[in-house]
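A.B. asks: Attaching a single structure in structure tokens format; questions to follow.
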Amino acid sequence: LEHNFGDVQDLLPGAFAHEIEKLNTRIYRNLANKVYEVGFRADQSTYELNIKVIVDEFAWLELYLRDRDYLIGDQLTIADLRLFSFLIRFDPVYFVHFKCSQKLVREMPNISRYLRRLLAIPEIAITVDIVEIKQHYYLSHRHLNPSGIIPLTDDDFHNKPDFYS
């Protein structure tokens with residue numbers, strides 16, 4: 001982080017520390033970890049309870065980001081980076097592989113705009129390798145994908161997430 005963003009403390013401004021921690025917890029509990037709870041479920045009722053949490057959280061996030069450039073204040077924080085790592089994987093991986101197939105990030109205008117804004121930051125964009133992300137997920141969970149097929153998505157020919165523009 002310091003290599004790309006300088007002093008890490010800039011990503012965790014003290015005035016927003018409590019708010020950042022609350023958002024980080026919410027992002028982890030209701031999105032980042034929840035996709036695994038959805039994807040690895042073996043029964044329909046548990047799947048449906050968990051997918052509802054993701055759908056509801058996306059609805060909240062879509063409204064929350066309506067008038068915001070970043071999650072907190074007017075600067076990039078660690079909360080944005082945590083959410084980014086989840087969002088960039090959602091359409092090409094979690095939507096299909098983990099059966100989180102209610103709505104794509106690119107179908108949610110405010111979240112999609114937010115993701116594009118983060119992707120426009122060179123220090124963030126350079127960390128994205130969609131091909132590697134897809135290979136990792138689709139080939140490492142063979143119990144979910146026994147054939148090892150990696151689905152084609154809009155970004156495959158450019159190795160960049162063009163589908164958010």
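The values are calculated or read from the model by the stated rules, or taken from the named source; none is laboratory data. All figures in this text were calculated on a predicted structure; none of them were measured in a lab. Cβ: placed from backbone, ideal geometry, glycine included. Neighbour counts: every protein chain shown. For the accessible areas, the whole protein counts, side chains as well, though only heavy atoms, and no ligand, DNA or RNA atoms are used. Shrake-Rupley method; radii C 1.70, N 1.55, O 1.52, S 1.80 Å.
A.B. asks: Between residues in region 136-165 that are part of a loop (DSSP other than H, G, I, E, B) and residues that are of a type in the set (D, E, K, R) and at pLDDT 90 or above, which pairs lie under 6 Å by C-beta distance while being six or more apart or on different chains?
C.D. replies: These pairs meet every condition: ILE150/LYS134.
A.B. asks: If the Cβ limit is 7 Å and pairs must be 6+ apart or interchain, which residue in region 23-42 that is under 22 Å from GLY73 (Cβ atoms) pairs with which residue that is part of a loop (DSSP other than H, G, I, E, B) and open to solvent by less than 50 Å² (accessible area, probe 1.4 Å)?
C.D. replies: Sorted first by the residue in region 23-42, then by its partner, the pairs are LEU23/LEU71; LEU23/ILE72.
A.B. asks: Provide a single number: the residues in region 83-103 that are open to solvent by 10 Å² or more (accessible area, probe 1.4 Å) and under 15 Å from ILE121 (Cβ atoms).
C.D. replies: Result for region 83-103: 2.
A.B. asks: Taking region 104-127, which residues are aliphatic (A, V, I, L, M), under 23 Å from ASN30 (Cα atoms) and either part of a loop (DSSP other than H, G, I, E, B) or open to solvent by 70 Å² or more (accessible area, probe 1.4 Å) (or both)?
C.D. replies: Selection gives LEU104, MET108.
A.B. asks: Report, by residue number, each residue of region 48-65 that is surrounded by 14 or more Cβ atoms within 10 Å (Cβ to Cβ) and in a helix (DSSP H, G or I).
C.D. replies: Residues satisfying the conditions are ASN50, ILE51, VAL53, ILE54, GLU57, PHE58, LEU61, GLU62, TYR64.
A.B. asks: Going by what's in this entry, would TYR36 be described as farther than 10 Å from PHE98 by Cβ and of a type in the set (Ser, Thr, Tyr)?
C.D. replies: no
A.B. asks: Test ASP10 against the stated conditions and say whether it is more than 30 Å from HIS143 (Cβ to Cβ), surrounded by fewer than 14 Cβ atoms within 10 Å (Cβ to Cβ), modelled with pLDDT under 95 and acidic (Asp, Glu).
C.D. replies: It is false that ASP10 is more than 30 Å from HIS143 (Cβ to Cβ), surrounded by fewer than 14 Cβ atoms within 10 Å (Cβ to Cβ), modelled with pLDDT under 95 and acidic (Asp, Glu).
A.B. asks: So, one more: Among the candidates TYR137, TYR114, single out the residue that is in contact with an Asp or Glu (Cβ under 8 Å, 6 or more places away or on another chain), aromatic (Phe, Trp, Tyr) and either modelled with pLDDT of 90 or more or over 18 Å from ASN33 (Cβ atoms) (or both).
C.D. replies: TYR114
A.B. asks: Now a separate question. Among the residues of region 66-100, what is the count of those that are in a loop (DSSP other than H, G, I, E, B) and within 14 Å of the chain's Cα centre (by Cα)?
C.D. replies: 3
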